[in-house]
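Undergrad: Sharing a structure, written as structure tokens. Questions coming.
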Amino acid sequence: MEFEESGIGEECGVFGCVAAGEWPTQLEVAQVLTLGLVALQHRGQESAGIVTSDGASSPTYTAHKGMGLVNTAFPPEALLKLRYGNLGICHTPLRKKVSMTPGSATLNLVFYKCTLQVMRHGVGLSTCSDSELIIQLLALTPPMEELDAPDWVARIKNLMTETPTSYSLLVMFKDVIYAVRDPYGNRPLCIGQLVPISKLHSPGAEEEDTEGWVVSSESCSFQSIGAKYYREVLPGEIVQISKHGIKSLSVVPRPEGDLPAFCIFEYVYFARPDSIFEGQMVYTVRQRCGRQLAIEAPTDADLVSTVPESATPAALGYAQQAGLPYIEVLCKNRYVGRTFIQPNTRLRQLGVAKKFGALTDNFTGKRVVLVDDSIVRGNTISPIIKLLKEAGATEVHIRVASPPIRFPCYMGINIPTKEELIANKPEFQNIAGYIGADSVQYLTVEGLVSAVQEGISFHQNKMIDFGNKSDRRVGHCTACLTGKYPVELEW
């Protein structure tokens with residue numbers, strides 16, 4: 001819950017679609033793209049953009065972008081002008097000003113590495129966007145490319161070699177989309193198969209049943225568009241998606257000995273609970289985190305609850321492991337953020353009561369374990385504890401289903417500065433007293449990694465074998481928790 005309040009979030013979600021078979025088809029590509037974006041709305045809410053192509057040898061591209069949520073950014077008239085596309089890509093970004101100051105919390109490795117390469121070629125920049133930098137690098141001619149025949153795979157491989165982390169990209173050119181995941185696999189990307197609704201829940205789908213292919217930051221977008229999960233894009237892989245199907249073109253390797261570095265906070269908070277990563281559902285991983293937390297940090301209590309609602313799976317896992325009932329203690333007002341009422345002194349004093357209502361009958365006179373997914377700054381959980389105690393809870397014990405965040409992220413996640421993080425402040429030594437809880441304990445880094453890696457399954461992911469070099473090793477980025485970054489920082 002504190003992730004949401006602290007503004008910690010992903011940079012964006014990406015989605016692409018290609019109609020299968022001879023074009024034009026009956027598939028409404030623009031509609032599929034829009035529904036895919038809606039399912040990825042949790043990854044960015046400030047704006048959205050779609051580009052479609054007719055896929056001709058001299059293609060016609062049609063684009064629309066807008067501010068706000070997807071349904072606001074794409075009114076019916078906007079979708080009408082996009083409807084003739086046979087393939088298309090889209091994204092919903094989380095806008096953030098990027099600093100080039102070394103060590104700044106808003107600096108990310110993609111921006112830093114791409115800027116060095118682009119400036120080396122004397123190219124000027126018009127924005128502070130890493131997307132512009134990536135486009136500029138792709139536009140640069142890589143070594144050995146014929147000047148009259150752009151080799152996009154060579155260009156993409158050149159980009160990935162120069163900038164090994166952290167991104168997932170969709171590159172559309174004429175009649176194909178290239179799906180690209182950085183060599184460390186830090187950001188997620190997966191492929192889905194569009195099939196007739198009658199075949200959606202059948203065990204397998206034949207090639208002739210395919211109505212199209214989709215690629216998405218998360219698999220949670222597939223159900224709403226009638227697509228079956230196919231597989232993940234591997235770390236470092238370049239996949240070509242066309243009307244003829246999908247084809248793995250190459251896997252750009254990491255430096256010798258380096259493990260993959262999938263962002264572990266995709267499991268903790270960023271991803272939707274029904275998404276699948278590494279052969280396991282995010283919801284199940286969060287439940288395991290809660291069970292592990294109960295093993296590491298037990299306490300005498302009468303019930304387990306949560307701050308609605310991202311930590312609910314972890315709270316359920318904690319309750320199951322501890323043998324305690326899971327009971328709701330808070331009711332969330334989902335619309336408080338949309339109020340037109342201007343805050344005054346009285347409203348400010350009400351504070352958290354505007355967002356949550358106490359379900360007093362459920363916990364009066366009882367000891368409560370309250371499970372949350374994070375305590376980032378410590379200024380959100382404190383008024384909730386106060387609310388519960390004033391409403392009749394005899395004790396409130398805070399259990400956090402992730403370790404303390406101590407370091408900035410340079411992989412593209414918007415995390416407060418090191419000085420703003422509660423884990424780096426003197427108050428952390430007595431955090432229970434600081435926030436008014438009877439006790440506070442976090443899941444350990446070892447416990448989190450164990451809970452995540454316990455259920456990883458490669459058999460659910462169709463591995464691509466390049467001369468028996470397919471990489472089945474497991475690794476996750478825990479840099480914001482440990483300060484150990486997957487690549488060496490150059491500042």
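The values are calculated or read from the model by the stated rules, or taken from the named source; none is laboratory data. Predicted, not measured: the structure shown is a model, and the values here were computed from it. Every residue, glycine as well, gets a Cβ built from its backbone with ideal geometry; the counts of neighbours run over all protein chains shown. Ligands, DNA and RNA are excluded from the accessible area calculation, which covers all protein heavy atoms including side chains. Shrake-Rupley method; radii C 1.70, N 1.55, O 1.52, S 1.80 Å.
Undergrad: Using beta carbons and a limit of 6 Å, which pairs, at least six apart or on different chains, have the first residue in segment 155-179 and in contact (Cβ under 8 Å) with a residue 24 or more places away in the chain and under 23 Å from Tyr485 (Cβ atoms) and the second one of a type in the set (Val, Ile, Thr) and assigned to a strand (DSSP E or B)?
TA: That search, which allows pairs on different chains as well, returns Leu169/Val180.
Undergrad: Considering only segment 203-221, state which residues are in contact (Cβ under 8 Å) with a residue 40 or more places away in the chain and assigned to a loop (DSSP other than H, G, I, E, B). Steps first, answer last, please.
TA: Of segment 203-221, the ones in contact (Cβ under 8 Å) with a residue 40 or more places away in the chain are 210-221.
Matches in segment 203-221: Thr210, Glu211, Ser217, Glu218.
Undergrad: Within segment 198-210, can one find any residue that is within 30 Å of Thr478 (Cα to Cα) and either among the small types (Gly, Ala, Ser) or touching a Ser or Thr at 6+ places or on another chain (Cβ under 8 Å) (or both)?
TA: Within segment 198-210, the subset within 30 Å of Thr478 (Cα to Cα) is none.
No; the residues of segment 198-210 include none that is within 30 Å of Thr478 (Cα to Cα) and either among the small types (Gly, Ala, Ser) or touching a Ser or Thr at 6+ places or on another chain (Cβ under 8 Å) (or both).
Undergrad: Give segment 160-174 a look and list any residue that's surrounded by 21 or more Cβ atoms within 10 Å (Cβ to Cβ) and part of a loop (DSSP other than H, G, I, E, B), or say none.
TA: Result: Thr163, Pro164, Thr165, Ser166, Tyr167.
Undergrad: Please go through segment 426-448 and give me each residue that is in contact (Cβ under 8 Å) with a residue 12 or more places away in the chain and open to solvent by 40 Å² or more (accessible area, probe 1.4 Å), ordered by number.
TA: Step one: of segment 426-448, the residues in contact (Cβ under 8 Å) with a residue 12 or more places away in the chain are 427-428, 431-432, 434-445, 447-448.
Selection gives Glu427, Tyr434, Asp438, Gln441, Thr444.
Undergrad: Given the criterion open to solvent by less than 60 Å² (accessible area, probe 1.4 Å), part of a loop (DSSP other than H, G, I, E, B), out of contact with any Leu (no Cβ under 8 Å at 6 or more places or on another chain) and at pLDDT 95 or above, identify the matching residue among Asp274, Asp300, Asp258.
TA: Details: Asp300 fails: open to solvent by less than 60 Å² (accessible area, probe 1.4 Å); Asp258 fails: at pLDDT 95 or above.
Answer to the selection: Asp274.
Undergrad: Continuing with the same structure: If you go through segment 318-338, how many residues are touching a residue at least 60 places away in the same chain (Cβ under 8 Å) and under 23 Å from Phe270 (Cβ atoms)?
TA: Total satisfying the criteria: 1.
Undergrad: For segment 115-139, enumerate the residues that are polar (S, T, N, Q) and surrounded by 13 or more Cβ atoms within 10 Å (Cβ to Cβ).
TA: Within segment 115-139, Thr115, Gln117, Ser129, Ser131, Gln136 qualify.
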